[in-house]
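The values are calculated or read from the model by the stated rules, or taken from the named source; none is laboratory data. Everything numeric in this text was worked out from a predicted model, so none of it was measured. FYI the Cβ positions are ideal-geometry reconstructions off the backbone, even for glycines, and counts take in every protein chain you see.
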Amino acid sequence: MKIYNTLTRRKEEFVPIEEKKVRMYVCGPTVYNYIHIGNARPMIVFDTVRRFFEYKGYQVNYVSNFTDVDDKIIKKANEEGVDASEISERFIKEVKRDMKAMNVKEASTHPKATEEIDGMIAMIETLIEKGHAYEKNGTVYFRTRSFQDYGKLSKKNIDDLEAGHRDIKVAGEEEKEDPLDFVLWKPKKEGEPYWESPWSDGRPGWHIECSVMSKKYLGDEIDIHAGGEDLIFPHHENEIAQSEAANGKTFSRYWMHNGFLNIDNKKMSKSEGNFFTVREIEEKYPLQVLRFFMLSAHYRSPLNFSKELMEASKNGLERITTAVFNLEHLMKAADTENDAPLSDPARKVLEELDKLQRRFNEAMEDDFNTADAISVIFDMVKLANTSLTENSAYVLLKAVYDRILLLCDVLGIEAVRETEILDEEIEKLIAERQAARKEKNFARADEIRKQLSEQGIVLEDTREGVRWKRV
Ligand code: AMP
Ligand code: ZN
């Protein structure tokens, strides 16, 4: 299996630390709002990487954090007049719900930064002892130049970085030994959440969080560390510096980064305001259309969001679910008792099926080429549509059906269509959802929305009540 490694800028054969096991860390979101579909890209992409490893028989220890202490969370908490933890807890729930609705599997562990402070203090102490960090007025800085390999991931030259920094004077940073040094621990400001430490009452810097959570749940050395390409510098570069300086071992063997999700060829981001939340998309499409759209491009390529591409994804997905639906009908009508040997043409279809699965594997083994993998599934659908009839043997129908479902599942796509839902049932479920919301049972209300969404029914909450439509 080949993976493009940002560290070497090459595709490399994947060799795990432990045979048939993968230790994988994916940088998770900062939880202060609903996630937008740009944030959803790494979630979907790396969940698919995980699913493919599992399909290949690997046991994957998948860790993805929630950054639940951060300036943006504190700002939002102050605006609402509540504790920062109330904001982060609320949005962890919402993010988890979105992940489930996009068929992103729960991580083996979803650590929260605020629950790992002791580990962070311990790692910072080690860094100070080893001469890689120092304290000034309650703030602890990483001594960037003390780490020989600094810049190896982002391919930045430390002297160029220094030159770029010289003109930029940041208030409060005069105390640093070197402008390149970055914060590991900072003292609290008035009204901020804080923890006690040997240096000050304060909180950790963002980069140290991931180094510590990765170490605790996966060990000093891991196989894959992943995130969006905007994290390469400084976040991942700094993580490498901290972890390798503290542990004295290679931190991660492979570094994977997804390309941006763009709108009008510009990165979708909260700060630019050019984003759609996952919730907004869910009002128009079942979220598996979004997932299918994300996987229709290679994960390292930029992907431009557009209505046309979403419509194309919806149609493509429908082609698959229709074929699966038809196969179900043929299977129901077929004679399951018939154990006559398969005809020559039937055996040919089975051979073709194996060939297609091999092509699917090859596409995925080539740095997770999901676009090609999807085209193989389309070829399988074509095979089903052109070679199978009501006269086909049950075992053959079942073999094709199972294989399509298996490959769709690797991509996290549920190809089995729910049976057609009647208008009265929809109305009944909507009434139940309204009642659940009244009782503040939002989990149940969300569940109903998802159930309807999976059947192509989208809800719109308006002032006059709930409207629904089939999409
Ligand atoms: P953040 O909450 O901004 O730290 O982002 C969480 C994850 O989403 C990180 O892995 C980011 O790299 C990723 N991300 C943010 N915006 C985009 C985008 N427009 N396209 C792809 N990935 C993104
Ligand atoms: Zn991280």
Within the range 236-250, can you find the residues that are of a type in the set (D, E, K, R) and closer than 9 Å to Asp220 by Cα?
Glu244, Lys249
Scan the range 1-22 and report the pairs whose first residue is touching a residue at least 24 places away in the same chain (Cβ under 8 Å) and in the same structural domain as Asp149 (by TED's automatic domain parsing) and whose second residue is assigned to a loop (DSSP other than H, G, I, E, B) and polar (S, T, N, Q), with Cβ atoms within less than 9 Å and a gap of 6+ or a chain change.
Thr6/Ser154
In the range 29-62, which residues are more than 14 Å from ligand 1 (Cβ to nearest atom), β-branched (Val, Ile, Thr) and part of a helix (DSSP H, G or I)?
Thr48
Single unsatisfied condition, Asp160 versus (1) more than 30 Å from Gly81 (Cα to Cα); (2) assigned to a helix (DSSP H, G or I); (3) within 16 Å of ligand 1 (Cβ to nearest atom)
(3)
Could you list all residues from the range 18-28 that are away from ligand 1 (no atom under 16 Å from the Cβ) and closer than 19 Å to Lys215 by Cα?
Glu18, Lys21, Val22, Arg23
Where residues in the range 208-230 are among the aliphatic types (A, V, I, L, M) and touching a helix residue (DSSP H, G or I) at 6+ places or on another chain (Cβ under 9 Å), which of them is nearest to ligand 1 (Cβ to nearest atom)?
Ala226
I'd like to check something: does the range 386-408 contain any residue that is crowded, with 19+ Cβ neighbours inside 10 Å, of a type in the set (Ser, Thr, Tyr) and not in a loop (DSSP other than H, G, I, E, B)?
yes
Can you find even one residue in the range 234-248 that is charged (D, E, K, R), more than 16 Å from ligand 1 (Cβ to nearest atom) and at negative phi?
yes
Might you check whether a residue that is crowded, with 22+ Cβ neighbours inside 10 Å, at pLDDT 95 or above and aromatic (Phe, Trp, Tyr) occurs anywhere in the range 228-245?
no
Check Gln59 against each of (1) of a type in the set (S, T, N, Q); (2) crowded, with 24+ Cβ neighbours inside 10 Å; (3) within 18 Å of Asp409 (Cα to Cα) and name the one condition it does not meet.
(2)
State yes or no: is Glu464 at pLDDT below 85 and over 30 Å from Ala371 (Cα atoms)?
yes
Can you name every one of the helices (runs of 4 or more DSSP H) wholly within the range 246-351 that holds 3 or more residues which are among the β-branched types (Val, Ile, Thr)?
307-333
